[in-house]
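**Student:** The structure that follows is given in the form of structure tokens.
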Amino acid sequence: MPLFVLAETPAGYGLFKAKDKKLLSRDDVQKQLSSAEAINSMLSLKKMIKFEDSAQALGEYTALTEGKVTPMLQNLLDDIKEERKASLAVADPKLGAAINVLPQLNITPVSDSSTNDLFRAIKTYLPELFPELESDYLGNMALALSHSISRHKLKFSPDKVDVMIVQAIKLLDDLDKELNNYAMRVKEWYGWHFPELDRIVQDNLAYARIILTMGTRENAPNTDFSEILPEDIEARVKAAAEVSMGTEILEFDLENIKLLAEQVISFTEYRQQLSQYLTSRMKAIAPNLTELLGELVGARLIAHTGSLLKLAKSPGSTIQILGAEKALFRALKTKHDTPKYGLIYHSSLVGQASGKNKGKIARTLSAKAALCLRVDALSELSTEGADGEDIPVDDEERADMGIRLRALLEDKLRKLEGKPLVSKGTKIGPNGATPSKFEIKSTRGYNADADAVTTSAKKTPSKPLIQEVEDTPMGDAEDESESEEEDSDVDMNGTETAKSKQKTPKKEKHSAKKEKSKKAEATPTQPAKLSEADYERLAEEAGISVSKFKRKYERGDVKMNSDGTPQVVSKKELKKLKKAEAKAADATPSKVDADADSKKKRKHSDDSPEKKSKKKSKKEKSS
């Protein structure tokens, strides 16, 4: 049973035949192959196939790593197909399994741990085993092949493909900021000439296209806006151009405004192309994440972490609060509630949930997003059929998990809300359609009827801001002295009433309310307002001055009799009535007071002498 050895070198394939058939079964293989003379005596080169260049060497290397037998290797193995019951030592187990499947070869591949020492000795003394090749040639081929392999891995690495997504989403955000600044500058600049256009057309792209099409507002009646605006908006623009209050501008100024409008249009079109590119890249790299969260939210999550693989290694709780790191650490520092969501808040499912359910949906959505990310980053969907030919795989099959999980989350949201799920219809990014006629809703017009003054406001006479006040005559001094004497009487009597109030307990609130209602009935009600002539007539009938009558009348001290004559009630009479009512209230104590006194007496009587002695001892200890 002969033994053959397959050597894979940067220069080509080499097939050796071992002189000792039981070489692999020995324990001292490393000692026997410790020198170049020893390995040349044990192995003899049967055939060698050289690589033409580094590109061919790279192709052979990639095929061997995938466990495929290339035509060049097949040609080399044809030399030993006539051998029976032969064994072939191979370094890679995948390659050994692929060679074992070949039908025309009756060879048993050997790729276990017994071949490690053999291949280690072959790599050590590789130039001595190939005397036809120069030592510099092997070194140059190894260097070229290593560079080619590095470029190949860098080009097709899944960690590096998502760099396109990171750059695209960052550029998209920068374009939005610059586009808003440019559009604002166009509206402010052209607004000096046609300020009414900004209120009618609010879309930036349509505004810029109108400037390029119309020029100055004088050209509006002869300009066709059918490709830009609908008919009703076009009619409003033309009508506003005829009565515009803007200033005149020169052709030189208009040219610069048009250049800026062209920049706005070009940026808008490029933004739409970039959005389409980002959507296609997200569907190719992370189809399940795109179906679950959307291309913009998914791209922002990838850009925030740096790569798709790093994001796939993150748990669902980390994905939930990505983008809210400042709020998280601030909450931990101040011992407040941590945030419930970060960038994931902008997904459509979280936006459709109500306030009480946003946290639940965000938590569930982040957990499902973690599963989708691991499938997108770490799984490989095989496209190879049974016969070796490639099978076309559509996008729905690649995004099957994301579609199923989104349907599951929609059902859960419907159960939480208790009503059918209604989409908001708002998209963060553009729909990718080519800019044709822009449809815009008309803005709310100015309500001119609101400027009219109501008739009731006209009828009500307005009071002057400054009013003249008549001087009071000197005769009122006697009345003032009388009122002071009355006040002193009230103070003297007030001490008596205060003493009586101290005796009454706090449970007289109900009776006090009744007394107040009686007093209110006793005081005269204030009649309607009178004119100056009525004041003078009534003051003469009462025998007092007009100013004093006004004060008493406004205070409610004047009572009108049935015949229309006034009756002035003095303060002394009012105070006498109050004193009489207070004395009547003190003379008749209420039942509540009697009950309260009886309860107190019962409590004092119930106290036994033992209790009294205990209380006295407690007081002495406390003192």
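Values in this text are rule-based calculations from the coordinates and carry no lab data. Remember, it's a predicted structure, so these values are computed and weren't measured experimentally. Positions of Cβ are generated from backbone atoms using ideal geometry, with glycine treated the same way; all protein chains shown enter the neighbour counts.
**Student:** For the pair Leu102 and Thr62, what calculated FRET efficiency results from E = 1/(1 + (r/R0)^6), where r is the Cβ-Cβ distance and R0 = 22 Å, to the nearest 0.05?
**Tutor:** Using R0 = 22 Å, I get an efficiency of 0.65.
**Student:** Given labels modelled 7 Å from the Cα in the Cβ direction, how far is it in nm from Ala580 to Leu212?
**Tutor:** 9.9 nm
**Student:** How far is it, in nm, from the label point at Gln30 to the one at Arg120 when both lie 7 Å from their Cα along the line to the Cβ?
**Tutor:** Those two pseudo-labels are separated by 0.4 nm.
**Student:** Further, regarding this structure: If the label point is 7 Å along Cα→Cβ of Lys17, which residues in the stretch 83-120 have backbone nitrogen under 11 Å from it?
**Tutor:** 83
**Student:** Stokes-Einstein at 25 °C, 0.890 mPa s, Kirkwood radius from Cα pairs: D for the stretch 222-315 in µm² s⁻¹? Walk me through the intermediate numbers first.
**Tutor:** Numbers: Rh = 17.8 Å.
It comes out at roughly 138 µm²/s.
**Student:** Still on this structure, I have one more. By what distance, in whole Å, do the Cα atoms of the stretch 86-190 stretch along each of the three principal axes, largest value first?
**Tutor:** 88, 37, 25
**Student:** Taking a quarter of the surface of the convex hull around the Cα atoms of the stretch 313-386, what do you get in nm²? Intermediate results must be reported in sequence, preceding the final value.
**Tutor:** On the way: hull surface 25.9 nm².
Answer in nm², one decimal: 6.5.
**Student:** With the Cα gyration tensor of the stretch 25-74 giving a ≥ b ≥ c as the square roots of its eigenvalues, does the rule (a/c under 1.5 for rounded; else a/b larger than b/c for prolate; else oblate) give rounded, prolate or oblate?
**Tutor:** prolate
**Student:** Apply 1/(1 + (r/R0)^6) to the Cβ-Cβ distance of Ala327 and Arg199, taking R0 = 35 Å, and write down the FRET efficiency to the nearest 0.05.
**Tutor:** With a Förster radius of 35 Å, E is 0.35.
**Student:** Could you give the length gained by full extension between Asp92 and Lys310, i.e. 0.36 nm per residue of separation minus their alpha carbon distance, to one decimal place?
**Tutor:** Length difference between fully extended and current span is 75.4 nm.
**Student:** OK, next. Mind giving me the FRET efficiency for Leu175 and Leu254? R0 is 25 Å, r the Cβ-Cβ distance, nearest 0.05 is fine.
**Tutor:** 0.45
**Student:** Among the listed pairs Lys187/Lys358; Lys177/Lys412; Lys283/Lys333; Lys333/Lys356, which are separated by more than 29 Å between their Cα atoms?
**Tutor:** Where the Cα-Cα span goes over 29 Å, the pairs concerned are Lys187/Lys358; Lys177/Lys412; Lys283/Lys333.
**Student:** Counting only residues 5 or more places away or on other chains, whose amide H sits under 5 Å from the amide H of Leu88 once H atoms are built in the peptide plane?
**Tutor:** Here the answer is Phe4, Thr108, Val110, since their amide H atoms fall under 5 Å of that of Leu88.
**Student:** Hey, another quick one. Can you give the percent of C-alpha pairs in the stretch 3-155 whose distance is more than 21 Å? Present the calculation step by step, with values, prior to reporting the outcome.
**Tutor:** Values: 5282 of 11628 pairs.
Cα-Cα pairs in the stretch 3-155 separated by more than 21 Å: 45 percent.
**Student:** If I model a spin label as a point 7 Å beyond the Cα along the Cα-Cβ vector, how far apart are those points for Glu417 and Glu37 in nm?
**Tutor:** About 8.8 nm separates the two model spin labels.
**Student:** Ratio of alpha-carbon Rg to the 2.2 N^0.38 Å globular estimate for the stretch 163-273, to two decimals, please.
**Tutor:** The reported ratio for this selection is 1.16.
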